[in-house]
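K.L.:
Below you will find the structure I want to go over with you.
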Amino acid sequence: MLKGSQDLTILGIETSCDETAIAVVDASGGLASPKFRVRANIISSQIKMHAPYGGVVPNLAKREHIRNLPIILEQALRKAGIGDPQKEINAIAVTVGPGLEPALWTGITFAQKLTQEWNLPVVAANHMEGHLVTPLLGPRVSKVAFPLIALLVSGGHTEIVLVKSWGKYQVLGETVDDAAGEAFDKVARMLELPYPGGPEISRLARTGNRYSFSFPRPMLQQKNYNFSFSGLKTAVLYQLRDLREQKIPFSKNDIAASFEDAVIDVLMLKTMRAAAEHKAKSIIVGGGVAANTQLRARMRDAVKKEKQNRALYLAPLSMTGDNAAMIAASAYFHAVCDDFANWKKLEAHATLPL
């Protein structure tokens, strides 16, 4: 239906966790020089609803997605100026994984309904590929040099990926236990900070002394590119226990800064080592933790000091979290290759690999 076409308008649907999101994105340039124009990117967050539980409750997220999807769709189409979706949209993209299966199924079912109503092809999108291509949604980014190394850091995933071209990915390393974002949230709970914990840790860390506590840098000396943050989290737990038992005054800001510094050391150093080993011409950083100010600054400094003329592409701050624009953008690379799914056979995959 769309074979050979490089100018497409794609409707993206994202419900992998607790954000209900729909976007309309114009895409052009093909695989060689992709360009994106976000016409609408509507997100309905459930943070306040899940905050009392200290994390996302899957069935509660599912209920809210079902309620919000029709409302978000209407808002997205209106903002994008779409009058007749059947004629003005070329394809639908929906996240099928990884994520929470009850949440994923709501987006899939909704996409199947639209596919039937509008008679449009559908792309089964990978949530992590969405985070990987998010920097392309920033200003003046299109022709990225390959090979590139991508650091993808979020609440549920921490991965280093070798990208040889759009659509060709090799995961070099991933977390063997807690993801970086998950560790941030767990340490935030230890410090009795509100949910979500990641932004709260970063807020406190800005005025803390990162040298106050010497926390471990897990797996940093190992030659592989895997991550483990469970031991670091436990080290913080024991440090807090000892301080409280001995009634030693301490600053939460210092704990936050020291913990954050340890995480960033591991993320940054492993990414830079992978880039050097694979002679990467570019580095991409995406995912929710990519919003961390210190991570962004440290990555910029590392690339600059390296003096290898490697380009660094950071996800736009406004799109580091889960959104549907990234889903539509990632789907474009499949659509231009005529890689569409059978809408009747779409399924949710909680642990879908990149």
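K.L.:
Looking only at region 24-37, count how many residues are touching an Asp or Glu at 6+ places or on another chain (Cβ under 8 Å) and buried (at least 20 other Cβ atoms within 10 Å of the Cβ).
P.N.:
Qualifying residue count for the region: 2.
K.L.:
Residue under question is Gln239, and the condition is that it be at pLDDT 95 or above, within 17 Å of Arg189 (Cβ to Cβ), in the same structural domain as Thr293 (by TED's automatic domain parsing) and not β-branched (Val, Ile, Thr); does it hold?
P.N.:
So Gln239 passes the test.
K.L.:
Can I ask one more? Only one residue in Pro34, Pro85 is touching a residue at least 60 places away in the same chain (Cβ under 8 Å), within 17 Å of Lys113 (Cβ to Cβ) and not β-branched (Val, Ile, Thr), so which one is that?
P.N.:
Pro85
This table checks each residue for (1) in the same structural domain as Leu152 (by TED's automatic domain parsing); (2) closer than 30 Å to Lys164 by Cα; (3) modelled with pLDDT under 90.
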{"site": "Lys35", "(1), (2), (3)": "no, yes, no"}
{"site": "Gly55", "(1), (2), (3)": "no, no, yes"}
{"site": "Ala61", "(1), (2), (3)": "no, no, yes"}
{"site": "Gly81", "(1), (2), (3)": "no, no, no"}
{"site": "Ala91", "(1), (2), (3)": "no, yes, no"}
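K.L.:
Here's a follow-up. Based on this model, can you work out whether Arg300 counts as over 17 Å from Leu152 (Cβ atoms), crowded, with 20+ Cβ neighbours inside 10 Å and either out of contact with any Ser or Thr (no Cβ under 6 Å at 6 or more places or on another chain) or of a type in the set (S, T, N, Q) (or both)?
P.N.:
Details: over 17 Å from Leu152 (Cβ atoms): yes; crowded, with 20+ Cβ neighbours inside 10 Å: no; either out of contact with any Ser or Thr (no Cβ under 6 Å at 6 or more places or on another chain) or of a type in the set (S, T, N, Q) (or both): yes.
Considered against the rule, which asks whether it is over 17 Å from Leu152 (Cβ atoms), crowded, with 20+ Cβ neighbours inside 10 Å and either out of contact with any Ser or Thr (no Cβ under 6 Å at 6 or more places or on another chain) or of a type in the set (S, T, N, Q) (or both), Arg300 comes out as no.
K.L.:
Here is a list of conditions, (1) assigned to a strand (DSSP E or B); (2) among the β-branched types (Val, Ile, Thr); (3) out of contact with any Phe, Trp or Tyr (no Cβ under 6 Å at 6 or more places or on another chain), and Val144 meets all of them except one; can you say which number that is?
P.N.:
Of the numbered conditions (1) assigned to a strand (DSSP E or B); (2) among the β-branched types (Val, Ile, Thr); (3) out of contact with any Phe, Trp or Tyr (no Cβ under 6 Å at 6 or more places or on another chain), the odd one out for Val144 is (1).
K.L.:
Taking the residues in region 180-212 that are of a type in the set (A, V, I, L, M) and not in a helix (DSSP H, G or I) as candidates, determine which candidate is surrounded by the most Cβ atoms within 10 Å (Cβ to Cβ).
P.N.:
Looking at the filtered set, the residue picked out is Leu193.
K.L.:
Another question about this same structure. Restricting to region 62-81, what's the tally of residues that are in contact (Cβ under 8 Å) with a residue 60 or more places away in the chain and surrounded by fewer than 21 Cβ atoms within 10 Å (Cβ to Cβ)?
P.N.:
0
K.L.:
List the residue pairs whose Cβ atoms are under 7 Å apart, where the first residue sits in region 252-263 and is surrounded by fewer than 21 Cβ atoms within 10 Å (Cβ to Cβ), the second is modelled with pLDDT of 95 or more and part of a helix (DSSP H, G or I), and the two are 6 or more positions apart or on different chains.
P.N.:
Within 7 Å, the pairs are Lys252/Leu204; Asn253/Leu204; Asn253/Ala205.
K.L.:
Can you spot a residue in region 159-179 that is part of a loop (DSSP other than H, G, I, E, B), closer than 19 Å to Pro98 by Cβ and in contact (Cβ under 8 Å) with a residue 60 or more places away in the chain?
P.N.:
Looking for residues that are part of a loop (DSSP other than H, G, I, E, B), closer than 19 Å to Pro98 by Cβ and in contact (Cβ under 8 Å) with a residue 60 or more places away in the chain, one finds at least one in region 159-179, hence yes.
K.L.:
Okay, moving on. Here is a list: Ala150, Ala145. Which entry is buried (at least 23 other Cβ atoms within 10 Å of the Cβ) and of a type outside the set (Ser, Thr, Tyr)? Show your work before the answer.
P.N.:
Values: Ala145 fails: buried (at least 23 other Cβ atoms within 10 Å of the Cβ).
Result: Ala150 is the single residue among Ala150, Ala145 that is buried (at least 23 other Cβ atoms within 10 Å of the Cβ) and of a type outside the set (Ser, Thr, Tyr).
K.L.:
Based on what the data block shows, is Val163 at pLDDT below 95, in contact with a Phe, Trp or Tyr (Cβ under 8 Å, 6 or more places away or on another chain) and of a type outside the set (Asp, Glu)?
P.N.:
no
K.L.:
Can I ask one more? Residues in region 309-316: is at least one in a helix (DSSP H, G or I) and surrounded by 23 or more Cβ atoms within 10 Å (Cβ to Cβ)?
P.N.:
Taking every residue of region 309-316 in turn, none turns out to be in a helix (DSSP H, G or I) and surrounded by 23 or more Cβ atoms within 10 Å (Cβ to Cβ).
The values are calculated or read from the model by the stated rules, or taken from the named source; none is laboratory data. Quick caveat, the model's predicted, so the values are computed rather than measured. Here Cβ is always computed from backbone atoms with ideal geometry, including for glycine, and neighbour counts include all displayed protein chains.
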